[in-house]
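Down below is the structure, laid out as structure tokens.
The values are calculated or read from the model by the stated rules, or taken from the named source; none is laboratory data. These figures come from a predicted structure and were not determined experimentally. With ideal geometry, Cβ positions are generated from the backbone for all residues, glycine too; neighbour counts draw on all protein chains shown. Surface accessibility is based on the protein's heavy atoms, side chains included, excluding ligands, DNA and RNA. Shrake-Rupley method; radii C 1.70, N 1.55, O 1.52, S 1.80 Å.
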Amino acid sequence: GRIDISAFANLGTAPWPFFNANVPLNGHICIPLGRGPFPIALFAHGNHFPLENSTPGYLYLCELLASHGIIAATIDVNFLNGGNFGENDARAIVHLEHVKQFRTWNGLPQHPLQQKVDLNRILLVGHSRGGEGVGHASLFNPLSSVQPDIFSPVVPLDGSAGLGPYRFNLSAVAAIAPTDRQYEPIAGPTVVPDRYFLMHGSRDGDVSTFEGYNTYNRAHAVDLTNPTVSDGKLKALLWVIAANHNQFNSVWASETPPATTMPRVDQEQVAKVHLGALAQALLLDRSRYLRVLRDHAAAAAWAPVGADFVSQYQNPRRLFVQHNQEGLAAPEISAPVQGTVTADAVLTARQLADLVNAGSPVSTVTLRLEWASLGARFTLNVNPGTLPGGRLKTLALRVGQSTEAGNPADRDQDFTLEVSSGSRTAAIPASSLHRLFYPDVVFGAGKIVMQSLRLPVRRLAELGVELHDLRSIAFVFDRRASGVLYVGDVQLSN
């Protein structure tokens, strides 16, 4: 088929034999053996030299997913490549129109895909500008019309003018090394409404600013007017230390010297493991694979030898003890939990800090903790009985170190996490949960990517700490004489 994207973008710089009013839908597809119906995953590339076909670059992922019973396709968006900018809304429309094409085939008598597509299980994956595009696709999907920008007319997405209707049941959208805000809707930066997974390499030589971190922070953020209510969607992040940008696409030449970067075969293996786990969990309902999203260590046996990662995870069932989004005043316990915050020999400051140098306006507040003596302590004191009911299984916090002078270069940071209820206290070294890496310093800067530390409630119970009687959560800096840590949030979750 052909579609009209002229309201969203012009074509790139190559001499295409068509115009933006009749761009083609085409790509490569891997189909499982069997009757189906099968879930579907669609991959979209980003910007590249337009005459080098970028589309086959995700066949290694399509083949993997098809072997597990998922129809997987990698789609052609080469006509938008080259000297273009701000066209990522068009990439979103192209992505959604491909899903629509599969819906058409699914209902077409005598077509090879008739009744083989499970349209209730759909994963959209994009790389680079395509990674930004999947966020816009998630935003556009439920709409009956959209005005791309203030200079454009309203474009129907209900099928009346060719595009849409969509309203697909998107199981998740996943972004590999995405850009952010190259296209921005009239209402402001896109907030992804679906479950969201983000993967990025620390030595990315193209989108070196890790702009997708801003997209991640905007997604499924706390609602200050009703902080106990979740939108019901998870999000997860994987920071791949030493991976670059291009080697997630098997066609693209590496943009960084091989000696400084993870080998291509290893980088592709990382993508297979983590996108494979995402698909297993959310498309095939194999919930045990959620462990890989919650904690990258669950996939350590499949990771390349020597590979290091930082990961974050936010469960849809969560209660913030401290989320830090109340503002830039002194740190506090977050409502509806009640209590006080104390700091002993620790400097505290809430900041609108650009932790990864992404260059976009920062929308989330982060807590900075600095100490210069052993035994310094930062404590969240919880008033007894103020934790809302509900069985939650994990104490989780996001924390990471910086390159500031208090942190010795190239050394993991560490502290003791003390959790108390009544007269019982459990003391857990942070390093027993995960390493807190010194940032990978490349291109003259090191990015502070916080690691989710997840402490099972059952482990606390084994140490005599009862969550229903939680009294305090303390960061005790007794393992390093000095340091600077950034804390995103402290929460109870599943």
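Side notes on the structure shown:
- Computed in the context of the full set of protein chains, the accessible area of region 104-242 at 1.4 Å probe radius has 51% of its extent on carbon or sulfur.
- The listed peptides 449-461, 198-210, 135-147, 336-348, ordered by packing as a protection proxy, come out as 198-210, 135-147, 449-461, 336-348 (highest mean of other Cβ atoms within 10 Å first).
- Mean-position separation - Cα centroids, region 450-471 and region 119-187, in angstrom: 40
- Hits among aspartates and glutamates - C-alpha to C-alpha of Lys235 under 19 Å, sequence gap 8 or more where chains match: Glu132, Asp180, Asp194, Glu211, Asp223, Asp285, Asp295, Asp489
- Selection among Leu282, His220, Gly46 by position relative to the dipole of the chain gives Leu282 as farthest towards the positive end (Cβ unit charges, Cα centre).
- The chain: DSSP helices with Cα axial extent of at least 18 Å and average Kyte-Doolittle hydropathy no lower than -0.5: 264-282
- Charged side chains reduced to their Cβ positions (Lys and Arg at +1, Asp and Glu at -1) give the chain a dipole of some 1400 debye around its Cα centre.
- Ellipticity estimate at 222 nm from DSSP helix runs (n ≥ 4, -39,500 (n - 2.57)) divided over the chain, nearest 500: -4500 deg cm²/dmol
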